[in-house]
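Computed from the coordinates by the stated procedures, all read-outs in this text should not be read as laboratory data. Computed from a predicted model, the values in this text were never measured in an experiment. No Cβ is skipped: glycine too gets one built from the backbone with ideal geometry, and neighbour counts run over all protein chains shown.
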Amino acid sequence: MARRVISSLEANFKGRPNEDFCFYKKNTYGICLAVADGISRTSYRDPYPGAYLAAKLLCKEAIALLDPKSAGGDDDVREVFLRANACIRDMNSERGINEETVDYLEKDYYGCVGAIGLIGGVGEHQWLDYGLIGDCGIIVFDINLEPIFLSENKVEVLEKFRTFHCFSKDSDAMTYWRKNVRNKPRAGYMTYGALTGEAEALEYLIRGRIRLNIGDTVLFFSDGIYPFIFDIRFRNYLRERLKRRQGFFRIGEYIGVLLPDLKSQNISNLDDDKALVAVAIN
């Protein structure tokens, strides 16, 4: 059995610093994989490397802690997010950002969202243990390119309700969004989570286990990839790429082929950073 892996990281087309990160570790027992998206600050004043470092930190914690030799573990996945969130809290503290000083705008918390996973097992008994927070996602599609699992993107749904027309300034709207909607699990309305060092972030962690079949493809991705997963041409490209070679590749050129069709449908996030790790289950 030889699972095959590819990964890609593409910068955005907005002239902003790249804040996505992805990483994987493969051995004879299985594969650990992780994708994360750093949180930007308003006006992009000194957004780098804090947001990027937070994303990188989550990925590296996943690779360091998840053990492909184990039978998987829901507790291991939670521990990764717990440790990463604690490290992000320390990173913010070192930069003087805490509950008293945060302004949710130019001095917002550094942080990230992300998805991590561990693939193990043999033959017909393979599995994926996963955990995610925010709008990084996971899709598993079968040998016929049909989706058999797609993680729920609650952030995308929530953003469809977001409107700034009731604020006189965009900065006021952004402050409200981050202060009152992010990491507020006990609010009486829909909210979302992100690893900012705040303890409440862990209440948004989603974990699970998926049974995998030979011929499946597992894809972990940041929100910049999300619009493309619904296009069967994109799923087919990933599968064929996995057949030909492994390792890091640049997906930007192929994505450019799909952009005209997607832009004509007024789909958002097409110009965002893009990170992915894909695994062929053999």
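One table, with the values for the structure above:
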| item | result |
| --- | --- |
| Segment 185-282: chymotrypsin sites (Phe, Trp or Tyr not before Pro) in DSSP loop, at most 13 other beta carbons within 10 Å | Y189, F230 |
| Gain in span if fully extended, A64 to R162, counting 0.36 nm per residue against the direct Cα distance | 31.6 nm |
| Taking the C-alpha atoms of segment 92-195, convex hull volume expressed per residue in Å³ | 156 Å³ |
| Derived scalar couplings ³J(HN,Hα) [segment 227-237; Karplus, 6.51 cos²θ - 1.76 cosθ + 1.60; whole Hz; x for Gly, Pro] | x, 8, 5, 7, 8, 4, 5, 5, 5, 5, 4 |
| Expected 222 nm ellipticity per residue - DSSP helices of 4 or more, -39500 (n - 2.57), all of the chain, to 500 | -9000 deg cm²/dmol |
| Karplus-derived 3J(HN,Hα), 6.51/-1.76/1.60, for each residue of segment 264-276, Hz, glycine and proline x | 5, 9, 6, 7, 8, 6, 5, 9, 6, 3, 9, 9, 8 |
| Degrees, to the nearest 10: 252-263 long Cα axis against longest axis of the chain | 70 degrees |
| Translational diffusion coefficient (Stokes-Einstein; Kirkwood radius from C-alpha pairs) of segment 4-280 at 37 °C, 0.692 mPa s, in µm²/s | 172 µm²/s |
| Low-density loop positions, GluC sites (Glu not before Pro), segment 148-222 - DSSP coil, at most 12 other Cβ in 10 Å | E152 |
| Candidates per GluC sites (Glu not before Pro) in segment 93-122, loop by DSSP, up to 12 other Cβ within 10 Å | E99, E100 |
| Whichever lysines have a C-alpha closer than 29 Å to that of K56, once near sequence neighbours (fewer than 8 apart) are set aside | K14, K25, K26, K69, K107, K154, K160, K179, K184, K243, K274 |
